[in-house]
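Each value in this text was obtained by applying a stated rule to the coordinates, not by laboratory testing. Computed from a predicted structure; not experimentally measured. As a convention, Cβ positions derive from the backbone with ideal geometry for all residues, glycine included, and neighbour counts pool all protein chains shown.
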């Protein structure tokens, strides 16, 4: 049963509710004004190459923080938080295959694991709403739809694969405003990668997202696509590391950093 965590909750309150098992839902719309983050955890021997991969693809993988090997806490972006317990849901990949989803990483944590926190487009949603941009998925409490695309990441070392995008349906006359607002937040993927016809980026059917919940444009709306921090999960399926741990799509880590703190900041911050 979900605790009452809302847009007005503090990040510390939200993380405590998650840590105690009282919130397992998506984090879209929670803790308005604070930066949310995607999570990727890899063996230390892959950390340098993955860091290069983030630097080569700042739109899809804006790097907020990288931990020391074996250290799941002592975070600059959220003092007192613990990456093993403070996300609502995690994914476990072995040899690139999704093995399971779990509520905690406490029993899976190893001393040689390095965690990466990557910026998330959820960060921009409060600013979009405050600017007057309607976001229908927030009205229904659903997750954004996410799609693999035909666009490819810039490879680095062994890491390569497709760019994943998240989609929001935006009223046609609000699209320029949505572009301007999100362009101010490069740490949250910045401005859209694509606007309009999904087929031009290799998406065949908006009714069947690869992750998240379907959301079809209304007659006065346009599909707008932002780079997405689920991109590493599509890459993990290609690269097939022996172990990779991630957030479950839509179930983010909520930091103590405000979106005002990162306006105009460009990745990497770590």
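A few remarks follow.
- GNM flexibility winner over the chain from 11, 162, 79 (Cα, springs under 10 Å): 79
- Each principal axis of region 1-112 carries a Cα extent, and these read 40, 29, 25 Å when sorted largest first.
- Between the C-alpha center of region 219-257 and that of region 54-113 there is a gap of 13 Å.
- Alpha-carbon centroids, region 16-53 and region 144-213: separation in whole Å: 19
- Hydrodynamic radius of the chain per Kirkwood, over alpha carbon pairs, in Å: 18.3
- Of 144, 71, 230, the one that fluctuates the most in a GNM where the chain has Cα springs shorter than 10 Å: 71
- Inter-label distance, residue 197 to residue 55: 3.8 nm, where each label sits 7 Å from its Cα along the C-beta direction.
- In this simple spin-label approximation, residue 45 and residue 266 carry label points 7 Å from Cα along the Cα→Cβ vector, and these lie 3.5 nm apart.
- Helical content alone sets the calculated 222 nm signal of the chain at -5500 deg cm²/dmol, taking -39,500 (n - 2.57) per DSSP H segment of four or more residues and averaging over every residue.
- Spin-label model distance (nm) - residue 213 vs residue 10, 7 Å beyond Cα toward Cβ: 2.9
- Each peptide in 148-155, 198-205 receives the mean, over its residues, of other Cβ atoms within 10 Å, and ordering these scores from highest gives 148-155, 198-205.
- Stokes-Einstein D for region 95-233, Kirkwood Rh over Cα pairs, 10 °C, 1.306 mPa s (µm²/s): 97
- For region 225-245, the residues whose amide N sits under 20 Å from a probe point set 7 Å from the Cα of residue 139 along the beta carbon direction are 225.
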